[in-house]
Amino acid sequence: MLIDVLASSDFHGNLPKVETPFDLFLVCGDICPAHDHYVSFQKEWLETEYVDWVKSLPFKDDESMVVMTWGNHDYFGERGSKIDVAALVHACDGKLAVLKNEAFTWWHETDKVEIFGTPYCKLFGSWPFMVSEETLDKKFAKIPEGLDFLITHDSPTLNDLGKIHEGWQPGVQAGNVALDRHIMRAMPKFVFSGHIHSGNHELGSIEGVSMANVSYVDETYSPRWEPLHVKYDTDIKSSI
């Protein structure tokens with residue numbers, strides 16, 4: 001079965017207008033607006049603006065979904081209660097799955113797609129989901145082999161996904177080397193990430209693993225890159 005997959009990240013409150021009908025929309029964190037990090041504000045924004053946006057998307061059919069993880073600006077994702085997160089998912093009428101270092105199986109009739117989403121990032125200040133290298137290794141060890149899609153907020157150094165290309169630190173490699181190791185161990189078909197807004201957005205492949213930075217905004221937090229669109233054949237586990 002050929003499915004349409006969109007991938008994006010780092011909205012920072014700028015919810016993209018999506019016109020391409022899709023089966024799966026994979027979102028790699030930093031959903032909430034960057035100007036207010038209070039959990040109460042993010043909770044209200046997610047329950048109103050974000051839910052309305054999800055429900056307005058051009059889903060291809062009843063099985064189509066948004067599958068997301070959180071990012072280091074999403075304080076609600078780290079500190080909100082499980083009940084509140086469950087309520088957010090429920091409000092989207094079965095069209096949203098939220099992954100916090102966990103796997104999800106998406107089914108379309110008899111076809112299945114395996115997805116793992118993780119919000120964890122290497123240390124850079126005291127933001128949510130930023131943990132030590134030792135803890136990262138433990139978190140990423142849960143990434144299983146045989147995945148179709150791995151969505152991570154932090155970007156690996158691989159394919160320069162975590163290299164800063166613009167702004168006040170051009171040329172700096174800010175990628176996550178612990179993530180590098182576990183990507184090459186698990187060998188998913190695709191890796192989509194964000195966090196480093198100006199990381200390499202060109203879809204490339206390393207030893208059969210296709211990967212791209214899919215941040216929606218640039219280093220000035222201005223919308224720039226449209227969601228990446230790939231057609232994925234679930235029979236041969238490859239893009240067309």
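Readers should treat all values here as calculations from the given coordinates under stated rules, not as data from a laboratory. Computed from a predicted structure; not experimentally measured. Glycine gets a Cβ as well: all are built from the backbone with ideal geometry, and neighbour counts include every protein chain shown.
Here are some notes:
- Fully extending the segment from Glu202 to Arg224, taken as 0.36 nm per residue of separation minus the present Cα-Cα distance, adds 6.5 nm.
- When you restrict to C-alpha pairs under 8 Å that are six or more residues apart and normalise by the size of the chain, the relative contact order lands at 21 percent.
- In terms of surrounding Cβ atoms within a 10 Å radius of their Cβ, Thr48, Thr69 rank from fewest to most as Thr48, Thr69.
- Within the listed set Asp52, Asp154, Asp111, the residue fluctuating most in the Gaussian network model of the chain (springs between alpha-carbon atoms under 10 angstrom) is Asp111.
- Footprinting exposure proxy ranking of His108, His195, His37, His182, fewest other C-beta atoms within 10 angstrom first, gives His37, His108, His182, His195.
- Each of Asp61, Asp23 was scored by other Cβ atoms within 10 Å of its Cβ. Listed from fewest to most, they are Asp61, Asp23.
- Whichever lysines have a C-alpha closer than 24 Å to that of Lys231, once near sequence neighbours (fewer than 8 apart) are set aside: Lys17, Lys55, Lys60, Lys95, Lys112, Lys189
- Shown here for segment 15-67: GluC sites (Glu not before Pro) in loop regions (DSSP other than H, G, I, E, B) with at most 14 other Cβ atoms within 10 Å, namely Glu19.
- Among the GluC sites (Glu not before Pro) found in segment 82-143, those both in a DSSP coil and sparsely packed, with 16 or fewer other Cβ atoms within 10 Å of their Cβ, are Glu109.
- Computed 3J(HN,Hα) for segment 138-145, one whole-Hz value per residue from the Karplus formula 6.51 cos²θ - 1.76 cosθ + 1.60 where θ = phi - 60°, is 5, 5, 6, 5, 7, 5, x, 6, glycine and proline marked x.
- Antiparallel bridge percentage (DSSP; both residues within the chain; nearest 5): 45 percent
- One compactness figure for segment 1-81 is 1.12, namely its Cα radius of gyration divided by 2.2 N^0.38 Å.
- Per the Debye formula on identical point scatterers at the alpha carbon atoms of segment 2-239, with no solvent, log10 I(q)/I(0) at q = 0.07, 0.12, 0.16 Å⁻¹ is -0.19, -0.60, -1.13.
- A Förster distance of 30 Å, applied to the separation of the beta-carbon atoms of Asp36 and Ala87, puts the FRET efficiency at 0.90.
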